[in-house]
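The values are calculated or read from the model by the stated rules, or taken from the named source; none is laboratory data. Computed from a predicted model, the values in this text were never measured in an experiment. Cβ: placed from backbone, ideal geometry, glycine included. Neighbour counts: every protein chain shown. These accessible areas exclude ligands, DNA and RNA; they are computed on the full protein's heavy atoms, side chains included. Shrake-Rupley method; radii C 1.70, N 1.55, O 1.52, S 1.80 Å.
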Protein chains: 6
Amino acid sequence: MATSSSSLWVSDTVTQLECNLDDTTGELLGHVIELLLEVGAVDAWASPIVMKKGRPAHTLHCLFMQDVESKLLEVMFRHTTTLGIRIYCDIPRAKLCRSFQTVQTRYRNNELDGKVQVKVSSFVTGEIISAKPAFDDCQLISKSSGIPIKIVSETALSDFRTTKRLRSDTDKNELGNGVG
Amino acid sequence: MATSSSSLWVSDTVTQLECNLDDTTGELLGHVIELLLEVGAVDAWASPIVMKKGRPAHTLHCLFMQDVESKLLEVMFRHTTTLGIRIYCDIPRAKLCRSFQTVQTRYRNNELDGKVQVKVSSFVTGEIISAKPAFDDCQLISKSSGIPIKIVSETALSDFRTTKRLRSDTDKNELGNGVG
Amino acid sequence: MATSSSSLWVSDTVTQLECNLDDTTGELLGHVIELLLEVGAVDAWASPIVMKKGRPAHTLHCLFMQDVESKLLEVMFRHTTTLGIRIYCDIPRAKLCRSFQTVQTRYRNNELDGKVQVKVSSFVTGEIISAKPAFDDCQLISKSSGIPIKIVSETALSDFRTTKRLRSDTDKNELGNGVG
Amino acid sequence: MATSSSSLWVSDTVTQLECNLDDTTGELLGHVIELLLEVGAVDAWASPIVMKKGRPAHTLHCLFMQDVESKLLEVMFRHTTTLGIRIYCDIPRAKLCRSFQTVQTRYRNNELDGKVQVKVSSFVTGEIISAKPAFDDCQLISKSSGIPIKIVSETALSDFRTTKRLRSDTDKNELGNGVG
Amino acid sequence: MATSSSSLWVSDTVTQLECNLDDTTGELLGHVIELLLEVGAVDAWASPIVMKKGRPAHTLHCLFMQDVESKLLEVMFRHTTTLGIRIYCDIPRAKLCRSFQTVQTRYRNNELDGKVQVKVSSFVTGEIISAKPAFDDCQLISKSSGIPIKIVSETALSDFRTTKRLRSDTDKNELGNGVG
Amino acid sequence: MATSSSSLWVSDTVTQLECNLDDTTGELLGHVIELLLEVGAVDAWASPIVMKKGRPAHTLHCLFMQDVESKLLEVMFRHTTTLGIRIYCDIPRAKLCRSFQTVQTRYRNNELDGKVQVKVSSFVTGEIISAKPAFDDCQLISKSSGIPIKIVSETALSDFRTTKRLRSDTDKNELGNGVG
């Protein structure tokens, strides 16, 4: 397969479900997106479309990896108004390696005691591609402290860099420097 | 195939055409969507996109089942400005079973004499998943009577339930009760 | 003012805030929409746009009635990356009259004991325009029972009609019949 | 007013109605857009939005000039599920002057006998800004002949130019030449 | 393959990359679209979506023909925040034949000396389907002359027709006449 | 006016132009957005809409502050196909105070010699709300070095913080700490 020739990323396969909906309401669609994730979808989303007869509508999309196809199809059939669901099977997917590291921020006045998970993604070679404080952690701290998420996230990222002592000037890996 | 393992729905395959259009006008796009349906497409729709050089544009999508591929491609080539059309072949599709039943509503002052087709969709097991008065019938009644479609549709659905005497309290099938 | 000439609806005024954002992420935008509602906005939403230099972006909109303008502006400044917020002041708004009625559904196995609030909207004349079971109530029942929201909602609406004994054949008000 | 200072265009005022809808279906929205135009709206359209609680939804917009506000509001209240409609009053509008001219195309085998209306828009000074064959005329000819609208339209425009003998090389008005 | 049965168009295959992005900003997305094209993508675009937790986001799409998959994947990984990219391999594509012809317009006061490339697309049979003056050429002339692109383009197209002496009344090919 | 009651931000007024376009192509729309900015617009953008007769179309928006209204209207009339442009006059706008500071990054191998402008926005009280490296500077450095913009930007922001020695632990202003 095409993606196997690279030594930078790993790969797996996913399956995608799609249906067009012009008679399901938006509030129901929002609900179904969450429902699909609860049942085991990797991702679920909607995109705005224009259907026949001038109907502003949406396509509902859902991504999953295995074993939950029947469950997801049943949720889509029961909870939306669709009569037919397209199944894009076995789509190859290129992926970064992920790991999580915890940083201690100064925002301690919350149930996390200021600890934020940082999601580190890297190539197979070990090169760090990006480091991102978990949004949910930053959101929780933001809600308890009133400090905007963007600030909490920037601070956590800065703390992550410092902790890891990734020195930008002595490190050959320019990108790793940047995010580290 | 993955979908064959379920005993709840049937399956077939469809093919999808797609092209990106940044030099076809919106009024032409609306026309082409109707044209594709006339020529035999199962569905046709457009989605808003952002293309290179900051161009707000649209992707045109078209779904069909068999024998009309050449006709649809020719329509898209002749009536839009596309130079290339992507063909996603033989996409499996899970489908509900459909049947139609007629209900007599009290809105008799029109060419349908108040008769509305109700589209009933169900699993292979016979469980009814949804029942929906045909939009075109409700629209015709609405136009002649001035009564909003949502009211006509709700009334027709209520009449359908009553006619079918699907008693919710004695029926084990909770979902069937709901729609029946 | 134009709207005052009708005896069918009431009117008030709202103010709308808007800003274009091409450097705020989507996950932050979703967070800010909820935040604005918590702080007192009547409504908050985002619309997809295409900005200069080919940037897919969003406009953030927020609607409020009084006294919370400063709070909302501060939230938008602090939590997004905007530098300027447009203020559309004192927009007249035509409104239906609203009331709430409770119906007892058969879905009793939940913390609501099957009770669903139905939002009834009507003209000043008393004519009922629509009746809608509260989405949050239906969602709660759906989550505890597994029954789709659309079924719970249809059932609650049917129960509301029966309870109110709005007889469609004897009532002059055709629309009221339909929804009642 | 700002627009009055230019001698190139004329101006009038329009009023705009808007409401956000997360519980009206797409097929109903398409119907309401046509309905608003029938009742007297100058324009009506929908734009995709993201509302609270992750709901993919739409804003319905409607533009009108006078005397039909009550009718339009009543249509929106009765036929959608909105509870409140924003009214942006008396918006100044800059307009081109319009006139219509008929051209005889060679596509005679239809009920128009090949005659196409060309909409000519110009500045107050008389300078022609654009000339556009009526879409509906071109569509009718296209449907009866099978010739794509874009071809019919280009041909009608070419015929319009020739008929008007707007010679591009001798005419000082570069823009007028272009379209004429 | 399905498309091979037609003698009207040629076909090749393309591969499409897709990823959903809720934490990449719009200004970055616009940049990445251009970057992907520079690296060798046939096309690149973004579509607005609604992701989980009410996040207004975008799907990034990229199309390419061969040999550049690794480069494109690396650009998407390094320059956006995605952790996984879907790869829709070997999608058949139906294509028109393209050729370019140069026309001499009267807009000579620019670095093109008024010469505009016209992109002619046709079926395998030789039938011309459309002729379109290159947008970039028209834009360059428009910028130096102040004449709107739509006028420059219409004029170039008219010049193309005249030069080619495709007489509409004597030519059997109705469509070719139209565009020629 | 409402915004004058706050001591946190300044205010001015802007005017907004809008028109709906279903017969202007996307590539032209992208061009016009850039053109409007060149002529003096503060901002210009397009949003996807669904117009009558099922037409996928766009609204073109343009924002400006003074003296350029006639020029912008003329550009919109001449370069698009609109016949009427709505003018939302004198919209109050709340604004942050802006200043620019230069930081020296280690990415020296380019025409900026690694110098990046940082846009600092703050309340009237002096509290810094956000600091953002100029996208264009980061893009230029990214193009010459191959380093992703997100990395260049994060590094420049980090350098800005260090240079300004805004110590987060001793500073009372929590938000200022975060961004400083």
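Brief remarks on what is shown
- Single unsatisfied condition, E:Phe123 versus (1) at pLDDT 95 or above; (2) within 26 Å of F:Met76 (Cα to Cα): (2)
- Among the residues of the range A:79-91, some residue qualifies, meaning at least one is aromatic (Phe, Trp, Tyr), farther than 30 Å from D:Leu60 by Cβ and modelled with pLDDT of 95 or more.
- Output for the range B:121-131, where each listed residue is part of a loop (DSSP other than H, G, I, E, B), in contact with a Cys (Cβ under 8 Å, 6 or more places away or on another chain) and either closer than 18 Å to C:Ile151 by Cα or within 14 Å of chain D (Cβ to nearest Cβ) (or both): B:Phe123
- Evaluation of F:Ala134 against (1) within 14 Å of chain A (Cβ to nearest Cβ); (2) in contact with a strand residue (DSSP E or B) (Cβ under 8 Å, 6 or more places away or on another chain); (3) farther than 30 Å from D:His31 by Cβ (one fails), failing number: (1)
- Strands (runs of 3 or more DSSP E) within the range D:14-110 that include 2 or more residues surrounded by fewer than 20 Cβ atoms within 10 Å (Cβ to Cβ) and away from chain E (no Cβ under 14 Å): D:84-95, D:97-104
- Residue tally, condition surrounded by fewer than 18 Cβ atoms within 10 Å (Cβ to Cβ) and either more than 15 Å from E:Thr163 (Cα to Cα) or in contact with a Leu (Cβ under 6 Å, 6 or more places away or on another chain) (or both), over the range E:113-126: 4
- First in the range A:94-111 and over 18 Å from A:Lys164 (Cβ atoms), second anywhere and among the acidic types (Asp, Glu), Cβ under 7 Å, 6 or more apart: A:Lys95/A:Asp12
- Candidate set from the range B:25-78 (those that are without any contact (Cβ under 8 Å) to a residue 40 or more places away in the chain and among the hydroxyl-bearing types (Ser, Thr, Tyr)); member that is farthest from B:Thr15 (Cα to Cα): B:Thr25
- Verdict on D:Ser11 being on the phi < 0 side of the Ramachandran plot and in a strand (DSSP E or B): yes
- If you go through the range B:42-71 and keep only what is among the small types (Gly, Ala, Ser) and over 17 Å from A:Ile49 (Cα atoms), you end up with B:Gly54, B:Ser70.
- Failed item in (1) assigned to a helix (DSSP H, G or I); (2) touching a helix residue (DSSP H, G or I) at 6+ places or on another chain (Cβ under 9 Å); (3) modelled with pLDDT of 90 or more, with F:Val116 passing the rest: (1)
- The single condition among (1) modelled with pLDDT of 95 or more; (2) open to solvent by 20 Å² or more (accessible area, probe 1.4 Å); (3) β-branched (Val, Ile, Thr); (4) outside any loop (DSSP other than H, G, I, E, B) that C:Thr163 does not satisfy is (1).
- So F:Asp136, is it assigned to a helix (DSSP H, G or I) and over 30 Å from D:Val118 (Cβ atoms): yes
- The residue that is nearest to C:Cys97 (Cα to Cα), among those in the range C:11-34 that are out of contact with any Ser or Thr (no Cβ under 9 Å at 6 or more places or on another chain) and among the aliphatic types (A, V, I, L, M), is C:Val14.
- Residue check, D:Glu154 over 30 Å from D:Gly26 (Cβ atoms), surrounded by fewer than 18 Cβ atoms within 10 Å (Cβ to Cβ) and either at pLDDT 95 or above or of a type outside the set (A, V, I, L, M) (or both): no
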